[in-house]
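All remarks here apply to the structure that follows.
The values are calculated or read from the model by the stated rules, or taken from the named source; none is laboratory data. Quantities reported herein were computed from a predicted structural model and do not represent experimental measurements. Note: ideal-geometry Cβ built from the backbone for every residue, glycine included; neighbour counts use all protein chains shown. Note: areas computed on protein heavy atoms with side chains; ligands, DNA, RNA excluded. Shrake-Rupley method; radii C 1.70, N 1.55, O 1.52, S 1.80 Å.
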Amino acid sequence: MTDFSAVKKNLEARGFHVSVFDTALAAADYLDAAIDGASVGFGGSVTLDQMGLYDRLRTHNDVFWHWKAEDKAEAQRRSMTADHYIVSVNGLAETGELLNIDGVGNRVSATLFGHKKVWFVVGRNKLAPTYEEALWRARNIAAPQNARRLGRRTPCAIKGDHCYDCKSPERICGALTVLWQKMSGMEMEVVLVDQELGC
């Protein structure tokens with residue numbers, strides 16, 4: 001069993017609410033009960049897809065996810081103004097920093113402003129001891145896997161070994177965000193799951 005006590009303490013010291021679950025199913029049950037009768041935006045996330053959250057939440061919420069919509073751009077726009085926004089991270093430092101890399105910008109921008117609450121759902125595989133190691137993970141593990149999943153012809157996707165800081169027009173790494181603390185003006189909760197989830 002993963003010991004989340006240090007990261008939980010450090011996240012709480014930075015203003016985040018933190019909940020911990022042994023399984024993805026338990027975390028999904030929690031989110032399904034906590035979010036009801038609201039508008040919900042989803043960021044692109046293998047973690048959320050693996051958990052089946054979209055299908056569960058849309059039965060009693062107004063849910064927008066470009067992965068599941070015919071009009072992807074409209075779903076992205078509507079996600080930006082939803083009451084709740086759910087996303088994962090590319091790296092989480094045990095010291096409490098949350099890191100995300102994005103190509104379009106909808107996912108990272110939605111974690112910074114505009115919602116009543118942002119939820120970060122994080123599997124144990126995203127955790128790294130330090131900020132530097134979380135950044136390394138985001139760039140050299142998560143980004144190449146996501147580029148490959150998206151069928152991009154970038155050096156990291158083709159070789160699958162690390163970031164090449166390429167200048168490819170198919171590059172998915174357009175921006176990096178680091179949350180050093182909870183953003184002012186909205187609630188933020190980190191949902192830690194003791195399972196490997198996502199890239």
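Structural remarks
- Among the residues here, E187 qualifies as closer than 19 Å to V40 by Cα, within 17 Å of the chain's Cα centre (by Cα) and at pLDDT 95 or above.
- Some residue of the range 64-87 being on the phi < 0 side of the Ramachandran plot, out of contact with any Phe, Trp or Tyr (no Cβ under 7 Å at 6 or more places or on another chain), free of Cβ contacts under 8 Å to residues at least 24 places away in the same chain and among the basic types (K, R): yes
- Remark: pairs (first residue in the range 95-121, free of Cβ contacts under 8 Å to residues at least 60 places away in the same chain; second residue part of a helix (DSSP H, G or I) and of a type in the set (A, V, I, L, M, F, W, C); Cβ separation under 8 Å; 6+ apart in sequence or on different chains) = S109/M80.
- Test: residue in the range 100-120 that is among the basic types (K, R) and farther than 21 Å from D49 by Cβ: yes
- Selection within the range 62-72 - surrounded by fewer than 19 Cβ atoms within 10 Å (Cβ to Cβ), over 17 Å from V108 (Cβ atoms) and not charged (D, E, K, R): A69
- Selection count, the range 77-92, where residues are open to solvent by less than 40 Å² (accessible area, probe 1.4 Å) and farther than 15 Å from G123 by Cβ: 4
- Matching option when the condition is at pLDDT 95 or above, in contact with a Cys (Cβ under 8 Å, 6 or more places away or on another chain) and surrounded by fewer than 24 Cβ atoms within 10 Å (Cβ to Cβ), among V46, V20: V46
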